[in-house]
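The values are calculated or read from the model by the stated rules, or taken from the named source; none is laboratory data. All values derive from a computational prediction rather than experimental measurement. Here Cβ is always computed from backbone atoms with ideal geometry, including for glycine, and neighbour counts include all displayed protein chains.
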Amino acid sequence: WRFILNTVTVAAISTIGTVFTTIFAAFAFGRLNFKGRDFIFMLLLSTMMIPGEMFVITNYITVTRLGWYSAVASEQNAMQAFLALTMPFMTSIFYIFFLRQSFKQIPDELYLAAKVDGTNDWKYLWRIMVPVASPTIITITILNAMGTWSAYIWPKLVTSREEYRLVTNGLREAYSGDFEVLFNQQMAAALIVTAP
């Protein structure tokens with residue numbers, strides 16, 4: 001139950017963070033005009049060609065330097081362990097690209113009319129663009145929550161203490177006998193964990 005609670009907490013924090021960073025970045029790249037916008041977006045898109053495993057080492061070094069690595073985190077510093085599990089993954093270039101394309105489909109005339117009526121960018125984003133793009137935002141939320149729920153490598157790397165493990169790590173290490181893996185119990189637990 002502790003692993004499931006950890007997984008739900010990490011999935012919720014990571015998903016909420018990802019949705020907010022995605023909305024703000026997609027709005028900036030899709031609606032605001034600033035110098036170098038297209039070039040910066042092209043650079044970000046080019047990072048999608050780099051495999052995610054390449055970022056594991058740099059993320060690990062960053063998390064360790066910030067003191068978030070849970071091997072040294074005491075019981076009072078549980079927040080640091082959850083920061084290590086969530087912060088490196090609170091943004092996704094693919095999700096930004098996906099939402100930006102939805103934002104680009106909203107006509108410019110609607111934005112200009114809102115500006116003439118005195119609406120600032122903040123109100124326009126939350127009252128017009130987010131409701132119009134809500135199907136895309138819901139899709140991003142579901143995909144990110146599923147990815148966080150089934151993450152294995154990063155949580156295994158940054159959580160050496162038992163109380164911060166996620167359910168995927170717990171399933172892998174549980175139900176092992178002295179000389180054999182109890183596959184029937186592992187499969188039953190996997191079914192229960194996969195159900196949500």
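Would you confirm whether or not the stretch 138-148 contains a residue that is modelled with pLDDT under 85 and surrounded by fewer than 15 Cβ atoms within 10 Å (Cβ to Cβ)?
No, every residue in the stretch 138-148 fails to be modelled with pLDDT under 85 and surrounded by fewer than 15 Cβ atoms within 10 Å (Cβ to Cβ).
Filter the stretch 154-184 for residues that are of a type in the set (S, T, N, Q) and either under 21 Å from ILE13 (Cβ atoms) or at pLDDT 75 or above (or both); which is surrounded by the most Cβ atoms within 10 Å (Cβ to Cβ)?
The extreme case among them is THR159.
Counting residues that are of a type in the set (A, V, I, L, M, F, W, C), which helices (runs of 4 or more DSSP H) fully inside the stretch 93-196 reach at least 3? Can you show your working first?
Details: elements: 93-104, 108-116, 121-124, 134-149, 153-158, 167-173, 183-194.
In the stretch 93-196, the matching helices (runs of 4 or more DSSP H) lie at 93-104, 108-116, 134-149, 153-158, 183-194.
Considering only residues that are within 13 Å of PHE27 (Cβ to Cβ) and at pLDDT 85 or above, look in the stretch 98-113 and name the one that is surrounded by the most Cβ atoms within 10 Å (Cβ to Cβ).
LEU99
Return yes when SER70 is surrounded by 12 or more Cβ atoms within 10 Å (Cβ to Cβ) and either at pLDDT 85 or above or touching an Asp or Glu at 6+ places or on another chain (Cβ under 6 Å) (or both) and no when it is not.
no
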